[in-house]
């Protein structure tokens with residue numbers, strides 16, 4: 001791989017790192033500002049996606065695998081229009097919560 005290509009990949013991936021424009025937001029005020037600037041449907045999807053990210057972090061911290069059917073559902077989200085994407089994401093979050101309950105886990109996740 002050429003040095004230019006390596007630099008490009010590093011720069012693109014860096015955008016997803018803390019401090020990058022697409023990275024995690026640690027500052028709650030910044031998060032709220034960005035959320036309030038979104039259109040209502042986009043805001044609802046962002047909130048639903050945030051809940052999903054919280055659940056994924058919980059699964060990761062406890063070394064739990066996300067069920068394959070949920071992974072497949074999430075991989076198909078991009079094919080849906082935004083209103084249906086929101087509904088499906090809510091259903092995915094519910095399925096993950098039900099899965100945790102079935103495992104008998106006690107958890108403290110923002111809902």
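Beta carbons closer than 9 Å, at least 6 apart along the sequence or on distinct chains, pair a first residue in the stretch 1-21 that is outside any loop (DSSP other than H, G, I, E, B) with a second that is at pLDDT 70 or above for 9/1.
Within the stretch 92-105, the set of residues being surrounded by 12 or more Cβ atoms within 10 Å (Cβ to Cβ) and either part of a helix (DSSP H, G or I) or at positive phi (or both) comprises 92, 93, 95, 96, 97, 99, 100. Within the stretch 38-66, the set of residues being touching a helix residue (DSSP H, G or I) at 6+ places or on another chain (Cβ under 9 Å) and outside any helix (DSSP H, G or I) comprises 38, 64, 65, 66. Scan the stretch 70-82 for residues that are part of a helix (DSSP H, G or I) and exposed (fewer than 11 other Cβ atoms within 10 Å of the Cβ) and the total you get is 4.
The values are calculated or read from the model by the stated rules, or taken from the named source; none is laboratory data. This structure is a prediction, so every number in the text was calculated from the model and none was measured. No Cβ is skipped: glycine too gets one built from the backbone with ideal geometry, and neighbour counts run over all protein chains shown.
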